[in-house]
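Report on the following structure.
The values are calculated or read from the model by the stated rules, or taken from the named source; none is laboratory data. None of these values were measured; they are calculated from a predicted model. FYI the Cβ positions are ideal-geometry reconstructions off the backbone, even for glycines, and counts take in every protein chain you see.
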Amino acid sequence: MLIAGADISEFGAAASAGPDLNQVLRDMEACEKPVIAAINGTAFGGGLEVALCCDYRIAAPTAPVGLPEVKLGLLPGAGGTQRLPRLIGAEASVQAIISGDPIMSPDALTMGIIDRIGSGDIVEDAIAYAAEIIEAGAAAGAFAISKTRSSRTGATMPCLKSLKRTWVVPIVASLRPRRS
């Protein structure tokens with residue numbers, strides 16, 4: 001089960017006792033078992049950030065996802081700005097992050113934010129999807145699971161490697177003191 005996102009009426013209120021969301025997300029990422037997000041409805045802000053920590057994501061046909069907090073002048077606070085680019089690439093994620101617009105399931109599938117669109121009961125679809133993943137994993141070793149985990153956690157980040165070559169290196173070079 002997933003959360004829809006933060007309740008903006010609670011912004012600025014004192015934090016309630018309980019686990020820190022970022023720690024929960026790190027624990028999800030460290031889980032030895034594959035984690036599948038079943039998105040039945042809106043997954044905005046923290047809801048999408050929780051789903052991004054999962055190894056796989058399946059969504060209902062009408063389920064929108066997105067990071068709309070930017071429309072309130074806030075940045076995603078639970079790792080969405082890091083996990084989304086690792087999943088779908090820098091260019092697509094920048095547009096999704098700065099616009100804050102909802103992304104409907106068919107578009108999210110095309111972009112690679114979700115892996116599958118369910119056709120019926122989302123929980124039953126997620127269980128069937130898990131069975132397929134397990135079967136594929138048994139046939140391919142642990143690769144089927146580790147492939148998504150490495151991209152999600154940043155173990156392999158081809159999109160960021162290209163950014164490093166094009167953006168980071170010139171910036172770092174310009175910050176170095178010049179010798180005369």
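In the condition set (1) part of a loop (DSSP other than H, G, I, E, B); (2) at pLDDT 85 or above; (3) farther than 24 Å from GLU132 by Cβ, GLU49 is compliant with all but (1).
Quick grid of which residues meet (1) of a type outside the set (A, V, I, L, M); (2) touching a residue at least 40 places away in the same chain (Cβ under 8 Å); (3) in contact with a Leu (Cβ under 6 Å, 6 or more places away or on another chain); (4) surrounded by fewer than 16 Cβ atoms within 10 Å (Cβ to Cβ):
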{"site": "CYS53", "(1), (2), (3), (4)": "yes, yes, yes, no"}
{"site": "ALA60", "(1), (2), (3), (4)": "no, yes, no, no"}
{"site": "PRO85", "(1), (2), (3), (4)": "yes, yes, no, no"}
{"site": "VAL94", "(1), (2), (3), (4)": "no, no, no, yes"}
{"site": "ASP101", "(1), (2), (3), (4)": "yes, no, no, yes"}
{"site": "SER105", "(1), (2), (3), (4)": "yes, yes, no, no"}
{"site": "ARG116", "(1), (2), (3), (4)": "yes, yes, no, no"}
{"site": "ASP121", "(1), (2), (3), (4)": "yes, no, no, yes"}
{"site": "GLU124", "(1), (2), (3), (4)": "yes, no, no, yes"}
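Elements of the type helices (runs of 4 or more DSSP H) sitting completely within region 74-180 and holding at least 2 residues that are at pLDDT below 85 and either out of contact with any strand residue (DSSP E or B) (no Cβ under 9 Å at 6 or more places or on another chain) or of a type in the set (Val, Ile, Thr) (or both): these cover 80-88, 122-140, 143-153, 158-163, 169-175. Annotation note: of GLY66, GLY41, GLY79, the sole residue that is surrounded by fewer than 24 Cβ atoms within 10 Å (Cβ to Cβ), under 11 Å from the mean Cα position of the chain (by Cα) and touching a residue at least 24 places away in the same chain (Cβ under 8 Å) is GLY79. Checked against (1) farther than 27 Å from ALA136 by Cβ; (2) part of a helix (DSSP H, G or I); (3) free of Cβ contacts under 8 Å to residues at least 24 places away in the same chain, LYS71 meets all criteria but (3).
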